[in-house]
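This report concerns only the one structure given below.
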Amino acid sequence: MTSSRPAPHGGGSRASSAGLAVAAVARRLGVAPATLRTWDRRYGLGPSARTAGSHRRYTPEDVARLLVMRRLTLEGVAPVDAAKAALEAGVEELEEATEEAAGGEPDAGDDAEPDPARPAPAADGEAPRGRAHLRALPGGGEGASSAPGHVPGGSASGRVSAVVDAALAYDQAGCDDLLAIPAQGDPAVWWTEIAEPAWQRVAQRTVLAGPGAVPEVVLATAALRALREFTEAFERAMVAGGAPPANHPSRMRNIVLIFAAPDEVVPLSAHALAAALTAKGATARIVTGPASTHRSLELVTMVRPAALVLATAQRRPDLDLIHAVHEGFAELPVIVSLRRDDAASELPLAPTVQRVRSFTAMLHEALAVVT
């Protein structure tokens, strides 16, 4: 296949050079070297040149195809489909990818090569140039969206893979784009089909990282930003339509109070539940920061919620809060998300304490109380 690929540009010193090592190409694309090796092993997007010492090197054409692969995965295309498009890309697509990368600022210390992740500067009087859409991307073109549920040619599993790749490459902007929730989107579907599977997969990966490089932080930051921006936009639309603002007393009388399990560092499921409840017209508040059992009971007394939810991804969370709330507020509906049956055996046996096994069930039980 390599011998039949068209070159992205004519001859010259670059085309005849010995090529680039994987580390140099990884820096130019803004991905981890391990990602390039995976693309080589799985999809055949590897270096095609060899030096005198039999070391494999990336040619300019190889790099151009990787730029195509990188761009498509950031736009939400499944890696297997993006790789196929990159391998089949013709001269125009490869030149377009190379020229777009060449529009960035030179990266000092790397032979003054451009950073392909930066957009090309616009000429005076012209609108800023955004990412070009490749014809190899089915449905691509102006107006194509990269938000979950609206990615051309991308399945849910493909979007999950793209999010995971972006997080492992420490690509915050790419992760933000991939996890953005459309204005008419459903946070519950977004969580169960995209964000939660990606979060679970990243949490299972063992990564050798440098200082300040934590894939989970990249993904969590993008997920929280997506939920915050969606909720803020939803609330603005509600108020514009005549509804009272979120802090209006009429809405504060029927709150779902959401707790995460103690020691849960990033309670993403709690934030996703709050956004999903908001999208259904309910009011939810999340308890963040350290909260002892005594302080938690004070919050319940002050807020007087319509329901309390413990949303957690922990296998065996501390349930002291649930016991304390049930003892102090026996009539308060309490919903606890526990997937393990052995953990559920530690819950209080009472009709007001409801155990659920899934995020969807947790959402439905909360809505049944407040709507």
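What to note about this one:
- Residue in the range 329-347 that is of a type in the set (S, T, N, Q), over 23 Å from VAL265 (Cα atoms) and at pLDDT 90 or above present: no
- The set of residues from the range 249-290 being out of contact with any helix residue (DSSP H, G or I) (no Cβ under 7 Å at 6 or more places or on another chain), among the hydrophobic types (A, V, I, L, M, F, W, C) and either in a strand (DSSP E or B) or farther than 21 Å from ILE181 by Cβ (or both) comprises MET252, ALA261, VAL265.
- Within the option set THR312, THR301, being within 26 Å of the chain's Cα centre (by Cα) and not in a strand (DSSP E or B) holds for one residue only, THR312.
- Any hit, the range 300-310, residues being open to solvent by 60 Å² or more (accessible area, probe 1.4 Å) and in contact with a Ser or Thr (Cβ under 6 Å, 6 or more places away or on another chain): no
- Per this entry, LEU347 is counted among residues that are over 30 Å from the mean Cα position of the chain (by Cα) and over 30 Å from MET238 (Cα atoms).
- Filter result for ALA127 (over 15 Å from the mean Cα position of the chain (by Cα) and modelled with pLDDT under 50): yes
- Tabulated pairs, the range 84-98, first without any contact (Cβ under 8 Å) to a residue 24 or more places away in the chain and within 14 Å of LEU45 (Cα to Cα), second open to solvent by less than 30 Å² (accessible area, probe 1.4 Å) and not in a helix (DSSP H, G or I), C-beta under 6 angstrom, 6+ apart or interchain: none
- Test result for ALA246, open to solvent by less than 50 Å² (accessible area, probe 1.4 Å), in contact with a helix residue (DSSP H, G or I) (Cβ under 6 Å, 6 or more places away or on another chain), aliphatic (A, V, I, L, M) and assigned to a helix (DSSP H, G or I): no
- Restricting the first member to the range 185-206 and to residues that are crowded, with 18+ Cβ neighbours inside 10 Å, and the second to residues that are among the polar types (S, T, N, Q) and in a helix (DSSP H, G or I), the beta-carbon pairs closer than 7 Å and six or more apart or on different chains are ALA188/THR360; THR192/THR360.
- Filter result for PRO267 (of a type outside the set (Ser, Thr, Tyr) and crowded, with 21+ Cβ neighbours inside 10 Å): yes
- Selection within the range 247-266 - β-branched (Val, Ile, Thr) and within 19 Å of VAL300 (Cβ to Cβ): ILE255, VAL256, ILE258
- Scanning the range 325-336 for residues that are open to solvent by 20 Å² or more (accessible area, probe 1.4 Å), part of a helix (DSSP H, G or I) and aliphatic (A, V, I, L, M) gives no hits.
- Cβ-Cβ distances below 6 Å connect the following pairs, each with a first residue in the range 48-69 that is surrounded by fewer than 24 Cβ atoms within 10 Å (Cβ to Cβ), a second residue that is at pLDDT 85 or above and hydroxyl-bearing (Ser, Thr, Tyr), and a separation of six or more residues or different chains: SER48/THR59; ALA49/THR59.
- Residue under evaluation ALA220, criteria (1) small (Gly, Ala, Ser); (2) at pLDDT 95 or above; (3) open to solvent by 70 Å² or more (accessible area, probe 1.4 Å), criterion not met: (3)
The values are calculated or read from the model by the stated rules, or taken from the named source; none is laboratory data. Remember, predicted model here, so these are calculated numbers, not experimental data. Heads up, the Cβs are rebuilt from the backbone with ideal geometry, glycines too, and the neighbour counts pull from every protein chain shown. Remember, those area values only see protein heavy atoms, side chains included, never the ligands or the DNA or RNA. Shrake-Rupley method; radii C 1.70, N 1.55, O 1.52, S 1.80 Å.
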